[in-house]
Amino acid sequence: MILSDFHTHTTFSDGKNSPEEMVQRAINLGVRAIGFSDHSYTFFDESYCISKDNIQNYIKTITDLKKKYRSKIEIYCGIEQDFYSSAETDCYDYVIGSVHYVKAGDSYIPIDESIDGLKSAVDKYFGGDALSLCEEYFKTVSKVLEKTNADIIGHFDLISKFNGENLFSETNERYISAWKNALDELLKYNKPFEINTGAIFRGYKNSPYPSKEMIDYIKEKGGKFIL
């Protein structure tokens, strides 16, 4: 069994550990390959991403770690490119394409920040209809590969992160139709969907992204996954 992880965040963005601490821990756990994918710079929200002035330092740090630990572990320098990020990606080994915001007018609504923020956005921008927010989210997700040219599709149904609060029904036909339409578009690219356990780790969900129903649909259509 080859253990690897290509979706990791460090203190360069919103992670809690330095890249070297994470490499050392990965080696101790017997991980064969680790990819760093800190959040790309977004001009409208700098609270969680690599700062504009720190991008080259991030790349240099990971490059130096590749050399230092090359006999013990494979290390890759990647980026999690948000749909609304305009940062260059040619300098990375791989790209995860993700959607963390829904745009309403001139506002960027973070969909994985807090349940109160989502409820407020539903009332303010979507007339109290949470399914309209979901439809706009999946419409954006359907274009994430076209926009980012990513190698991996990140947490496809991130919109469900706080749905333990029953903000919307995941069995509603509108919700199902929205994610199926998005998957149909993304499956054309033959890129892997990540199975992401972040919400389980943080205690928000007891199942990974994407949901079992989505995973089954992707499998039925011949899609690929990365764990």
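Just so it is clear, none of the values below were taken in a lab; they were calculated from the coordinates. A quick note: this is a predicted structure, and the numbers were derived from the prediction, not measured. Ideal geometry is used to build each Cβ from the backbone, glycine not excepted, and the neighbour counts take in all protein chains shown.
Details
- Hydrodynamic estimate: the Kirkwood radius of the stretch 101-227 over Cα pairs, inserted into Stokes-Einstein at 20 °C and 1.002 mPa s, corresponds to D of 144 µm²/s.
- Sequence-separation-based contact order of the stretch 1-43, relative, with Cα cut under 8 Å and 6+ spacing, percent: 51 percent
- The base-10 log of I(q)/I(0) for the stretch 41-121, evaluated at q = 0.19, 0.21, 0.24 Å⁻¹, reads -0.89, -1.00, -1.17 [Debye formula, identical scatterers on Cα atoms, solvent excluded].
- Annotation: extensible slack from Phe225 through Lys188 equals 11.9 nm (criterion: 0.36 nm per residue apart, minus Cα-Cα distance).
- Scalar couplings 3J(HN,Hα) for the stretch 156-173, obtained by applying the Karplus form with A = 6.51, B = -1.76, C = 1.60 to θ = phi - 60°, are 3, 10, 4, 4, 8, 3, 9, 7, x, 7, 6, 5, 8, 8, 7, 9, 5, 4 Hz; x denotes Gly and Pro.
- Spin-label pair Thr11-Ser207: with each label point 7 Å from Cα along the Cα-Cβ axis, the two points sit 3.8 nm from one another.
- Eigen-decomposition of the gyration tensor built on the alpha-carbon atoms of the stretch 152-192 gives equivalent ellipsoid semi-axes of 22, 13, 4 angstrom, largest listed first.
- A simple spin-label model places pseudo-atoms 7 Å from Cα toward Cβ; at Gln56 and Lys103 they are separated by 2.9 nm.
- Computing FRET efficiency as 1/(1 + (r/R0)^6) for Ser114 and Lys180, where r is the C-beta to C-beta distance and R0 is 35 Å, gives about 0.80.
- Just checking the listed ones, Phe126, Phe36, Phe44: in the Gaussian network model of the chain with Cα springs under 10 Å, the one fluctuating most is Phe44.
- Above-threshold pairs, the threshold being 23 Å between Cα atoms, out of Lys52/Lys205; Lys124/Lys212; Lys143/Lys224; Lys139/Lys191: Lys52/Lys205; Lys124/Lys212
- For the stretch 17-74: relative contact order, % (alpha-carbon pairs under 8 angstrom, 6 or more apart): 41 percent
- Residue-normalised convex hull volume from the C-alpha trace of the stretch 80-136: 84 Å³ per residue.
- Lysines with Cα under 21 Å of Lys72, excluding same-chain neighbours fewer than 8 positions away: Lys60
- Asn28-Lys124 FRET efficiency (beta carbon distance; Förster radius 41 Å; 0.05 resolution): 0.30
- Normalised contact order of the chain, rounded percent, pairs of Cα under 8 Å and 6 or more residues apart: 14 percent
- For peptides 45-55, 62-72, sequence by mean Cβ density within 10 Å, most packed first: 45-55, 62-72
- The stretch 1-66 - Kirkwood radius from inverse mean 1/r over Cα pairs (Å): 12.4 Å
- Packing here is the average count of other Cβ atoms within 10 Å per residue, and on that basis the peptides 155-163, 137-145, highest first, run 155-163, 137-145.
- FRET efficiency estimate (nearest 0.05) - Cβ-Cβ, Tyr94 to Lys72, R0 22 angstrom: 0.60
- The packing ranking of peptides 92-98, 200-206, highest mean first, is 92-98, 200-206, where packing means the average number of other beta carbon atoms within 10 angstrom of each residue.
- Extension gain (nm, one decimal) between Glu165 and Leu3, 0.36 nm per residue minus Cα-Cα: 55.0 nm
- The Kirkwood hydrodynamic radius of the chain, based on inverse pair distances between different Cα atoms, is 18.2 Å.
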